[in-house]
Amino acid sequence: MPNKFIPIAQPDLSGNEKKYLLDCLESTWISSKGKYIDKFEKGFADFIGSKYAVTTSNGTTALHLALAGLGIGTGDGVILPDLTFIASANAVRYVGATPVFSDIEENSWNIDPERIEEKININTKAIMAVDLYGHPADMEKIMAIAKRHHLLVIEDAAEAHGAEIKIGGSWKKVGSIGNAGCFSFYANKIITTGEGGMVTTDDEKLAQRLRIYRDHGQTPGKRYYHEVVGFNYRLTNLQAAIGCAQLERIGKFLKKKKQIASWYDRYLQGIRGLKLYREKSYMHSITWLYSLLVVPPFPLNRNELMVVLQKKGIETRPFFYPLHNLPLYKTGGKYPQAKKISQSGLSLPSGVSLTEKDIKYISGIIRITTEL
Ligand SMILES: *Cc1c(COP(=O)(O)O)cnc(C)c1O
């Protein structure tokens, strides 16, 4: 019997997506004006617990827009984790600033707050925290460091819609804590618009600047008058329509992600050489992609296990390369945790349509490889 293909993550578009899209087509509002953009921004701001939300064309442009809007530019340094998707660092380059990599924590795989201060110098302007695989960065500690050194904080929450962390005793969603939060709505993220992004903030002036920069830098109320170099980073009404339908069901998606994580935890339990993510008591991870480390005494290394799973039709993803080691960002310095975790980290299928049977099957194949 041929194996069924199990993708890493697949969107669920079975709600009102089609209905709202048809509404856009019938109304002819298909570009970047229309009721769904407003509705999506308001709904997302409410969900995150931010005062303002500004849609963008994707998660990368959300990061670029946030950095530009915060006035980060040439000569400035932005500290970010050595282990993240390339877009986090590239966005820093887009504004002419320098990405400064910092090592990660062994257990959370996120930027290690204890290592940040050694990277701060006279040029440092901001810290960019990333919530890798849906696990919140340690924002209480990061905000305290930022306050002490008068730095801005950008949250790259592209993988963590709905993840929470306790700050000063109360739960806050990631993206509502720093000066700006950035999200992606790529097809495999928690909610999708095909391509799309959002910047969240409580700062009214920043929200206004983001809107100006997003729309060619046009001065509000003065058509074709420009005081700054802006961009066209707008989302379309079509994309926002899908976003509105997705947002109606985000609670359901998050519940399913949690269920998937607990199934994996159960079926992978006790396999020697697998290091599973363990949530800290003051964090609510949303486990965007269920991820683990493959280390001795597991009989295969990470890459070998990926091949075994691929042959069974199971799609997986290796962790990112440490950025300091990529040809485009090659810098000196030591990043032992990022190096170790990058080599052993693996993400397993985590789409919301997976069943307990699928997770049992995937886990079973991993377990069998240890018994051969
Ligand atoms: C997906 C992602 C981005 C970029 O989002 P796009 O919508 O693909 O441009 C940025 N940072 C992280 C951590 C991501 O996972």
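Here, each number is a calculation from the coordinates, and none is a lab measurement. None of the values given here were measured: they were computed from a predicted structure. Backbone-built Cβ (ideal geometry, glycine too); neighbour counts: all protein chains shown.
Here are the numbers:
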item: Computed helical MRE - 222 nm, the chain, DSSP H runs ≥ 4 contributing -39500 (n - 2.57), nearest 500; result: -11000 deg cm²/dmol
item: Share, in percent, of DSSP beta bridges within segment 143-200 that are antiparallel, nearest 5; result: 65 percent
item: Overall form of segment 232-347 per C-alpha gyration tensor (a/c, 1.5; a/b vs b/c); result: oblate
item: Two-site label geometry, Q259 and R278: point separation in nm, points 7 Å out along Cα→Cβ; result: 2.8 nm
item: S14/K222 FRET efficiency (R0 30 Å; Cβ-Cβ; nearest 0.05); result: 0.10
item: Alpha-carbon centroid distance for the pair segment 333-372 / segment 225-283, whole angstrom; result: 18 Å
item: Given K39/K141; K35/K173; K258/K360, the pairs whose alpha carbons are separated by over 23 Å; result: K39/K141; K35/K173
item: Separation in nanometres of the label points that stand 7 Å from Cα toward Cβ, at E140 and K357; result: 4.4 nm
item: Spherically averaged projected area in nm², based on the convex hull that wraps the Cα atoms of the chain; result: 19.7 nm²
item: Set K312/K340; K257/K330; K18/K205 screened for pairs whose C-alpha atoms are more than 32 Å apart; result: K257/K330; K18/K205
item: Rh by Kirkwood over Cα pairs, then Stokes-Einstein D for segment 298-372 at 1.306 mPa s and 10 °C, µm²/s; result: 112 µm²/s
item: Label point at K205 placed 7 Å out along Cα→Cβ; residues across segment 133-153 whose backbone nitrogen lies under 15 Å; result: 152
item: Only Lys, Arg (+1) and Asp, Glu (-1) charged, at Cβ; the chain dipole about Cα centre in debye; result: 480 debye
